[in-house]
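Pasting a structure below so you can have a look.
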């Protein structure tokens with residue numbers, strides 16, 4: 001097994017792509033408005049704090065991981081050229097994304113606690129802090145649970161990207177285009193129908209609502225939600241996606257281009 | 001001595017059967033010529049042998065161990081093909097460093113010498129290479145990686161005559177210094193005829209011929225003379241093709257000649273691999289009566 005070499009190779013290549021993604025985003029969000037304000041003579045209305053308040057910096061990382069994870073075919077091409085098996089590729093890729101999630105999540109939380117909160121005086125900087133922070137009375141436990149909760153979300157996004165990317169990589173470019181157009185439309189319509197059906201009065205007080213409330217961690221106390229059901233759900237979903245990704249990786253092959 | 005075995009491999013794309021029950025064995029320390037017309041299944045076979053694609057049935061083994069999803073065995077092979085599997089944005093130096101990381105070592109000295117000889121700038125990005133230099137770079141990689149089986153699919157694609165000569169000469173040098181197995185799939189039969197030790201002819205997904213070149217050529221006979229005498233002499237033999245020049249006829253026979261008497265008006269000689277290939281893979285009268 002050449003997992004160590006492949007992990008090193010993937011880490012080096014993908015950390016560069018991740019860095020490029022951050023660079024483009026920061027230039028677009030911070031530098032471009034500044035330059036436009038400078039050119040149009042409205043520099044007085046430019047506020048760095050306002051941009052900071054309104055831009056989901058920690059959310060970017062999840063999006064980047066999703067995109068990065070979806071692009072697996074290029075690496076497969078290089079690795080199969082160099083006699084690397086699909087299993088080794090899978091194991092190395094999971095290791096690299098695991099490291100990225102740990103680093104990215106730590107940086108996100110550090111940024112939020114050390115910069116965002118003091119600057120904006122807002123505590124609801126992510127999903128956990130918005131919905132679940134009152135469940136714990138101890139500050140240290142809250143930070144720890146926030147870390148685990150956020151890591152699980154990032155892992156979900158990453159595995160979702162891997163699942164979609166690996167699935168698409170099994171098809172020809174034409175079929176990929178068809179799927180990329182058709183799936184969002186069909187998915188969107190289905191989602192609208194499901195949401196409409198669930199919000200319909202007829203479905204209220206049924207098992208679906210109760211189940212949803214259970215997953216989201218509703219408690220008898222107003223404003224206090226239990227994060228554990230949703231964390232366990234995310235963990236199970238991640239495990240299922242991991243299993244699917246492993247299967248899809250084993251089916252990867254060079255396409256006739 | 002390592003052995004690469006392809007056993008009962010079949011593959012189809014849609015309704016087209018590209019490979020049908022292919023069984024071949026490649027021994028270490030030989031240069032094989034894998035010949036076949038366009039669409040005969042050569043590239044598909046090489047892709048299956050290196051686990052780039054999957055066979056519908058059958059298996060590929062190295063030293064009796066299946067190569068499927070097997071790093072140790074896959075790392076013993078390197079397939080150079082016209083398909084570009086390297087990132088266009090990477091420099092040639094970077095690709096070499098990454099390749100070395102995957103294979104564990106790399107002959108930098110040879111790579112440097114070949115790059116100088118072919119005037120290839122290793123700081124160039126892979127995507128900026130012309131078709132010819134793209135092939136040259138991949139050939140350099142193929143000659144410098146520490147593998148037992150080097151598979152070359154149309155290796156001289158886009159190379160001019162000078163570069164082709166240089167490559168063949170380097171290939172022989174490399175083989176002499178470090179004997180290993182080369183499997184060369186090509187259309188340019190004349191160019192590799194003096195290079196290969198064994199020939200494999202693939203036609204419509206089936207192995208038509210798999211023998212040492214020397215044995216194959218010993219079975220080729222061109223029978224030249226007046227048409228009536230030539231036809232009479234070759235009656236009952238495996239005539240795979242013929243040429244007519246006025247009253248003179250050449251019948252091409254593949255196989256052993258029996259002890260029949262040769263008429264004074266008829267002359268016998270051998271013919272080359274390219275001619276044999278053309279006759280075997282054409283739908284000539286008698287072309288299917290080949291020997292395996």
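All of the numbers you see were taken from the coordinates with simple rules; none came from a lab. As the structure is a computational prediction, the values presented were derived from the model and not from experiment. Cβ coordinates were reconstructed from backbone atoms using ideal geometry, including for glycine residues, and neighbour counts include every protein chain displayed.
Quick one: grab Rg to one decimal and Dmax as a whole number for segment A:80-192, Cα atoms only, in Å.
Over segment A:80-192's Cα set, Rg and Dmax evaluate to 19.2, 54 Å.
Counting helices only, and only those DSSP H runs with n ≥ 4, report the 222 nm mean residue ellipticity of chain A as the sum of -39,500 (n - 2.57) divided by its residues, in deg cm²/dmol to the nearest 500.
Numbers: 12 runs with 188 residues, N = 257.
Value at 222 nm, helices only, nearest 500: -24000 deg cm²/dmol.
Output the Cα-based Rg and Dmax of segment A:3-250 in Å, rounding Rg to one decimal and Dmax to a whole number.
Calculated on Cα positions, Rg and Dmax stand at 21.0, 59 Å.
Can I ask one more? Compute the acute angle (0 to 90°) between the alpha-carbon long axis of helix B:161-177 and the principal axis of greatest extent of the alpha-carbon atoms of chain B; round to the nearest 10°.
80 degrees
Give the shape of segment A:192-257 as rounded, prolate or oblate, defined through the alpha-carbon gyration tensor: a ≥ b ≥ c are the square roots of its eigenvalues, a/c under 1.5 means rounded, and otherwise the shape is prolate if a/b is larger than b/c and oblate if not.
Verdict is oblate for segment A:192-257.
If you don't mind, there's one more thing I want to ask. Mean separation of Cα pairs under 8 Å and 6+ residues apart, divided by the residue count of chain B: what relative contact order is that in percent?
The value is 20 percent.
Let me have the 222 nm mean residue ellipticity of chain B computed from DSSP H runs of 4+ only, each contributing -39500 (n - 2.57), with the sum over all residues rounded to the nearest 500.
Rounded to the nearest 500, it is -9000 deg cm²/dmol.
Can you give the relative contact order of segment B:219-281 as a percent, counting alpha carbon pairs under 8 Å and 6+ residues apart?
Relative contact order for segment B:219-281 comes out at 44 percent.
Scaled to the compact-protein estimate 2.2 N^0.38 Å, what is the alpha-carbon radius of gyration of the protein assembly as shown, rounded to two decimal places?
Ratio of Rg to 2.2 N^0.38 Å for the protein assembly as shown: 1.33.
Now for a separate question. How far apart, in nm, are two points set 7 Å out from the Cα along the Cα-to-Cβ line at residue B:119 and at residue A:141?
7.5 nm
In whole percent, what relative contact order does chain A give with Cα contacts below 8 Å and a gap of six or more residues? Can you show the working numbers first?
Numbers: 199 pairs, mean separation 64.8, N = 257.
Here the relative contact order equals 25 percent.
Just to be sure I understand the model, the point goes 7 Å from the Cα along the line to the Cβ. What's the resulting residue B:10 to residue A:42 distance in nm?
Output for this residue pair reads 7.0 nm.
I would also like to ask the following. Note the angle between two axes, namely the Cα long axis of helix B:131-144 and the longest principal axis of the Cα atoms of chain B, as a number of degrees from 0 to 90, rounded to the nearest 10.
80 degrees
Also, quick follow-up: So for the pair residue A:243, residue B:188, with labels modelled 7 Å out along Cα→Cβ, what separation do we get in nm?
Spacing of the two 7 Å Cα→Cβ label points: 5.3 nm.
Also: Using 0.36 nm times the number of residues separating residue B:228 and residue B:259, minus their current alpha carbon distance, what extension gain do you get?
My answer for the length gained is 9.2 nm.
Oh, and also: Let me confirm one metric for peptide B:49-55, namely the mean number of other chain beta-carbon atoms within 10 Å of its residues' beta-carbons. Numbers along the way, then the final one.
Values: counts 0, 4, 7, 8, 6, 4, 0.
Neighbouring Cβ atoms belonging to other protein chains average 4 per residue here.
Still on this structure: Quick one: Debye curve from the alpha-carbon atoms of segment B:1-143 only, equal weights, vacuum; give me log10 I(q)/I(0) at q = 0.11, 0.19, 0.22 Å⁻¹ to two decimals.
So the normalised log intensities work out to -0.50, -1.20, -1.34.
What does a probe at residue A:73 reach in segment A:142-173, counting residues whose amide N is under 18 Å from the point 7 Å along Cα→Cβ?
Backbone N within reach: A:161-173.
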